[in-house]
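What follows is a set of notes on a single structure, which appears directly below.
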Amino acid sequence: MESNDFIEKLIAEMTLEEKAAQMLQVPVSVVGMDEAREWARKGVGSFLNVIGDDMREIQRVVCEESRLKIPAVFGIDAVHGHCLNRRATIFPSQLAMAASFDRELVEKIGRVTATEVATEGIQWTFSPILCLARDPRWGRTNETFGEDKYLAGELGVAIIKGYQGEDLKDGSSVLACAKHFIGYGEATGARDSYDTEITFRKIRDEFLPPFRKAVDAGCATIMTAYGSIDGTPLTINDKALRGLLRDELGFDGFLITDWDTVNSLIRRQRVCDNHGDASRLAAAAGNDMIMCSTEFYDAIVQQVREGKLQESVLDEAVRHILTIKLRQGLWEKPLKTGIPGSIGCDAHHEVALKAARESVVLLSNNGVLPVRNDRKIRKIAVIGPNADDIRAQYGDWTYFTHPVPGRETEPERPYVTLLEGVKEQLQDTDIKVVYSYGCSVNRRFYYKGNYPDTGAFMEQVYADNDHDAEFYKEMPYVNEAAAVARESDLVILALGDNYTQAGEYTDRADLGLSGMQGALLRVLSTLHVPIVTVLISSKPLAIPDVVKKSDAVICAFNGGMYSGRAVAEAIFGKLNPRGRLPISFPVMTGQVPVYYNQLPGWHEGRYVDCPAEPLFAFGEGLSYTWYEYSGLKFDKETKTVSVDVKNTGDMDGVEVVQVYVNDVVSSVMTAVKNLAAFCTVDLKAGEQKTVELKLDDEAFSIIRPDETSVIEPGEFIIMAGHSSKDEDQIKISVEF
Ligand code: GLC
């Protein structure tokens, strides 16, 4: 990190208290404006969860009333658009946008998000998540780019470039924050913020690569994870924070803890019993900024005063923080400018529509899709709890789930739900569209349209878990849906989960369809009306029955404000689906972990009561055309793969070419295959192109038990194809 006279002079001038304040991030949504002003006068370094006039007022107090007038940096969770602002552009979740496998698109999403965040004046977003979701029981699966380290790293770099642009001083550039360091999604039992029994070798092999790419891309900040590694909380894990992140990766930005994790050391993880020890250990381990644990301020001053901690530790933390503030030009411009009028503008909405279209994954289709207007279809029934529920379509980290500043419950237009998208597609035809709610997703009702209780968001949570009571109370809606379906020529059924089942504190023990959705599907499937099921969910669900009973299945995840339009375009053939799964779907919950890059060695390779294969595999996704691979070659000198890809169907399309590598024999066990490169290629009907993809050393390296990385001589299998499945690939053997 560059040394800088301006920063060194400032540090020399700062009192111990001012250094402690600079290391603190205060949650305005918790302390309120009066206390926030007091912290601002103390010269606090950062605030979070505040926007608009309140944010500008706090910055005014910092810059006019604190002694050294060091501008504060304001952070917010703009993780799939600036979604905590009701008028902002709301993109597909990270998991949904990952289905695009499109680096350019994801960078554009980052740029638009940064512009809208910066237009509010905010200089920092706590994004991207680079954790891997290898067990979809984890509540925060939707926030990740899926299960694969290579895909997460590539898309993480893309969105960081979008956020930070070429110059952090740019009026529309904001600080990115790669999170949560490290291995957070790998906790035992996929339990949020729980202990992770992984080794540092495994960390280097599986979880570090995306963060290395983020650091190499100049990511300005990183966030420490809630959890612990083999009993040592990440917050005080200096082997991870100082050893890996600082010393090895050379990270030169600043490191912030997650929400109140210093107090979690006392309250939750119980490795300390007082604020002094907790604050000292967190600072000593390398955390530069402390999120929300305001007790840190007095405690750390006392620790230094009592000689338990060198003041130089605070100097180093403050130096990291001030260096980033200097790179952002905060002294010249204490608040970002962005582009006035850009929040929710048409150009930004175009990017959201493009993202929604590229995120649509066609999982199964017996030929019922695309639906053509061939007069056989006179009436279409749109049914299901997620058919017309924008909350389910938006998912987590939107102004419904984390409202800032006030609690908003009513959706803000524009957006297009699936029901509205279907109506759009059919508005110039004489095909009738009817709608029926069918049932709730998880015993929380959202009534709309033709029900006894219309318009209100009602929580009707049953006092007990009695299935009969639940069944009894929902049967009227199931029966009504059946009556509607019986009179129709096609059913479009929207199932999944909703935002009460996504995010922190929402890990699931059962990935099957919740509530009465399974019963609804069973009833509808007895009517011999074709069913197109659309999965609007925050994560993969164990839905073998849905696949069996549906004529087609489309996965939209949380596809953002225009997902309803994109899915409807796919159903009616205006859009040739191009999405590919960034995460595997289990056949049943007990099958997880079911990620594609498994190690070899499992006796039988399956449970006796479950198939070996996942329900759907990583990289899988159909389209209305087909792609053929041939001529796979590998140039050892340049480590470049070339392969011919042909569109053999009668519809233009976009193929996601995927390249995987297997190290046939290695001194430590390695995955049966790992994604090593991908790209998208436009192919007209009948067109063939030769695609070239460069592999980096990491594709052939292993991490030995002594944690060193090496490429061992021997045979490697290189595979290229349409998904991670063997049957979708062609392969060659190469010798190193
Ligand atoms: C939350 C999340 C983290 C988020 C932070 C600030 O608890 O773990 O991802 O950025 O707190 O909201």
Which whole-number value in Å³ per residue fits the convex hull of the alpha carbons of segment 77-256?
98
Along the Cα-to-Cβ line of Thr638, 7 Å from the Cα, sits a label point; which residues in segment 693-736 have backbone N less than 12 Å from it?
693-695
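Let's see if you can work this out: charge +1 on each Lys and Arg Cβ, -1 on each Asp and Glu Cβ, no other charges. What is the dipole magnitude of the chain about its Cα centre, in debye to the nearest 20?
Magnitude of the dipole: close to 1000 debye.
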Order Val523, Val532, Val608 by their accessible area, 1.4 angstrom probe, all chains in place, largest first.
Val608, Val523, Val532
Cα-based reach from Lys432 at 15 Å (exclusive), listing aspartates and glutamates while leaving out same-chain residues under 8 positions away
Asp374, Glu420, Glu424, Glu487, Asp489
Segment 627-700: spread of alpha-carbon positions along the three principal axes, whole Å, largest first, is 47, 24, 17
With both bridge residues required to lie in the chain, what share of the DSSP beta bridges run antiparallel, to the nearest 5%?
55
Whole-Hz couplings from phi, Karplus 6.51/-1.76/1.60, listed for segment 368-383; x for Gly and Pro:
5, 10, x, 6, 9, 7, 10, 6, 6, 9, 10, 9, 10, 9, 9, 10
Sorted by packing (mean other beta-carbon atoms within 10 Å per residue), highest first, where do 722-728, 152-158, 515-521 land?
152-158, 515-521, 722-728
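Hey, with R₀ at 41 Å, roughly what FRET efficiency would Trp331 and Asn274 work out to, going by the Cβ-Cβ distance, to 0.05? Could you put the intermediate results ahead of the total?
Numbers: r = 37 Å, r/R0 = 0.90.
Calculated value: 0.65.
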Where in segment 712-727 does the amide nitrogen come within less than 20 Å of the point 7 Å from the Cα of Glu604, taken along Cα to Cβ?
none
Pairwise centroid distance, computed over Cα atoms, of segment 194-259 with segment 373-424, Å
37
Before anything else, pin down the relative contact order of segment 627-735: Cα pairs under 8 Å, at least 6 apart, normalised by residue count, whole percent.
30
Report, by chain and number, residues whose modeled amide H sits under 5 Å from the one on Val434, excluding near sequence neighbours (fewer than 5 apart, same chain).
Ile380, Ala381, Val382
May I ask you to list the aspartates and glutamates whose Cα is less than 14 Å away from that of Lys636, ignoring any residue fewer than eight positions away on the same chain?
Glu692, Asp696, Asp697, Glu715, Glu735
If packing is taken as the average count of other Cβ atoms within 10 Å, what order do 77-87, 30-40 fall into, highest mean first?
77-87, 30-40
Once amide H atoms are built 1.01 Å from N in the peptide plane, which residues 5 or more positions from Ile198, or in another chain, come under 5 Å H to H?
Asp230
Identify all lysines with a Cα-Cα distance to Lys673 below 18 Å; exclude those on the same chain that are fewer than 8 residues away in sequence.
Lys149, Lys202, Lys633, Lys639, Lys694, Lys725, Lys731
Rounded to the nearest 5, what % of DSSP beta bridges with both residues in segment 77-256 are antiparallel?
15
Would you compute, from DSSP H runs of 4+ residues alone, the mean residue ellipticity of the chain at 222 nm, taking -39500 (n - 2.57) per run and dividing by the full residue count, rounded to the nearest 500?
-8500 deg cm²/dmol
I'm checking a number: the convex hull volume of the Cα atoms of the chain, normalised per residue, in Å³. What is it?
160
Calculated SAXS-style log₁₀ I(q)/I(0) at q = 0.13, 0.19, 0.21 Å⁻¹ - segment 173-247, Debye, Cα scatterers:
-0.35, -0.74, -0.89
Linear extension gain, Gln310 paired with Ala685, 0.36 nm per residue minus alpha-carbon span:
128.2 nm
Would segment 485-625 count as rounded, prolate or oblate if I go by the C-alpha gyration tensor, calling it rounded below 1.5 in a/c and otherwise prolate when a/b exceeds b/c, oblate otherwise?
prolate
Across segment 217-369, how many lysine pairs, 8 or more apart or on two chains, come within less than 28 Å at their alpha-carbon atoms?
5
Of 544-553, 126-135, ordering from highest average Cβ density within 10 Å down gives 126-135, 544-553
Relative to the compact-globule estimate 2.2 N^0.38 Å (N residues), the Cα gyration radius of segment 273-364 stands at a ratio of 1.79
Given an 8 Å cut-off on Cα distances and at least 6 residues of separation, report the relative contact order of the chain as a percent.
14
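The values are calculated or read from the model by the stated rules, or taken from the named source; none is laboratory data. Everything quoted here is computed from the prediction, not taken from an experiment. Cβ sites come from the backbone with ideal geometry, for glycine too, and all protein chains shown count toward neighbours. The protein model used for the area step is the full one, side chains on, heavy atoms only, and it has no ligands, DNA or RNA in it. Shrake-Rupley method; radii C 1.70, N 1.55, O 1.52, S 1.80 Å.
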